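Structure first, then comments.
The values are calculated or read from the model by the stated rules, or taken from the named source; none is laboratory data. Quick caveat, the model's predicted, so the values are computed rather than measured. Virtual Cβ from ideal backbone geometry, glycine too; neighbours counted across all protein chains shown. These area figures cover heavy atoms from the full protein model, side chains too; ligands, DNA and RNA do not enter into them. Shrake-Rupley method; radii C 1.70, N 1.55, O 1.52, S 1.80 Å.
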Amino acid sequence: MRFSSFSLTIFVFSLLFLSINGQDLIYDTCKTSSQQSPNVDFLFCTTSLQAAPASHCANLTGLGMVSIRLIKDNVTDTRCYIKQLLKNSAKLDPFVKACLNDCFELYSDAIPDSKQAMKSYSAKRYFDANVQISSIMDAATTCEDGFKEKKGFVSPLTKKNDATFQLGAIALSIMNSLQNGSK
Ligand SMILES: *[C@@H]1O[C@H](CO)[C@@H](O)[C@H](O)[C@H]1NC(C)=O
Ligand SMILES: *[C@@H]1O[C@H](CO)[C@@H](O)[C@H](O)[C@H]1NC(C)=O
């Protein structure tokens, strides 16, 4: 009895804390995403969405846009980062250089895909947005896998590829919830 009323108090306080901070939607959204996709880390999700501008006032539709905008900024940033790495390519192993060139191509295509995804999403064409975001996630996976083809090499892009992939999975999960909600 005492234990359960104690748990209830904690529960009520957590709810109060969460809603006072306007984070309950981010919390719920990330909980759903991390349950739906084993690749989504709950902490990564909440940290990413909370840090994004205006995310605290956003409804679920708005959070979807926030996540797609993060994808666009991330792929743009990653392409730039790869370009910098390739500038110093004299010091690079030819295998690493070839992988980076492939990744550069993949991320160059991912930028227009992310812009298209924003347009599709705004127009509520979730099927199209889904295809475009999936293609960006494939690009991140393909880039990362390239480095695994030869033993003894470590991808310098693991963190960035992983972030792109996870943000994609979050966006897909939000669209999934939106579609299920409207049916
Ligand atoms: C990329 O995504 C991470 C994780 O969401 C975020 O913290 C970071 O600000 C993004 N990078 C850019 C350049 O937007
Ligand atoms: C969600 O927020 C957007 C603006 O970001 C607004 O246009 C839309 O009407 C809101 N949806 C609901 C269901 O409140």
**Complete:** Of the listed residues (Asp109, Asp41, Asp128), the one being without any contact (Cβ under 8 Å) to a residue 24 or more places away in the chain and within 29 Å of Leu178 (Cα to Cα) is Asp128
**Fill in**
When Lys124 is run through (1) at pLDDT 95 or above; (2) open to solvent by 20 Å² or more (accessible area, probe 1.4 Å); (3) farther than 24 Å from Leu25 by Cα; (4) not in a helix (DSSP H, G or I), the failure sits at (3)
**Request:** Under 8 Å between Cβ atoms, at least 6 apart or on separate chains: pull out the pairs that start in the range 152-176 with a residue that is free of Cβ contacts under 8 Å to residues at least 12 places away in the same chain and end on any residue that is open to solvent by less than 10 Å² (accessible area, probe 1.4 Å).
**Result:** Val154/Phe147
**Prompt:** Would you pick out the residues in the range 66-83 that are more than 11 Å from the chain's Cα centre (by Cα) and more than 10 Å from ligand 1 (Cβ to nearest atom)?
**Reply:** Arg79, Ile82, Lys83
**Message:** Restricting to the range 26-65, name every residue that is near ligand 1 (Cβ under 10 Å from one of its atoms) and within 10 Å of the chain's Cα centre (by Cα).
**Reply:** Phe44, Cys45, Ser48, Leu49
**Item:** Selection from the range 78-97 of residues that are touching a residue at least 24 places away in the same chain (Cβ under 8 Å) and either under 18 Å from Gly168 (Cβ atoms) or in a helix (DSSP H, G or I) (or both)
**Value:** Thr78, Arg79, Tyr81, Ile82, Leu85, Phe95, Val96
**Prompt:** Can you name the condition, by its number, that Glu144 falls short on among (1) exposed (fewer than 15 other Cβ atoms within 10 Å of the Cβ); (2) at pLDDT 95 or above; (3) under 19 Å from Tyr81 (Cα atoms)?
**Reply:** (1)
**Request:** Name every residue in the range 143-180 that is hydroxyl-bearing (Ser, Thr, Tyr) and either within 16 Å of ligand 2 (Cβ to nearest atom) or part of a helix (DSSP H, G or I) (or both), in order of residue number.
**Result:** Thr158, Thr164, Ser173, Ser177
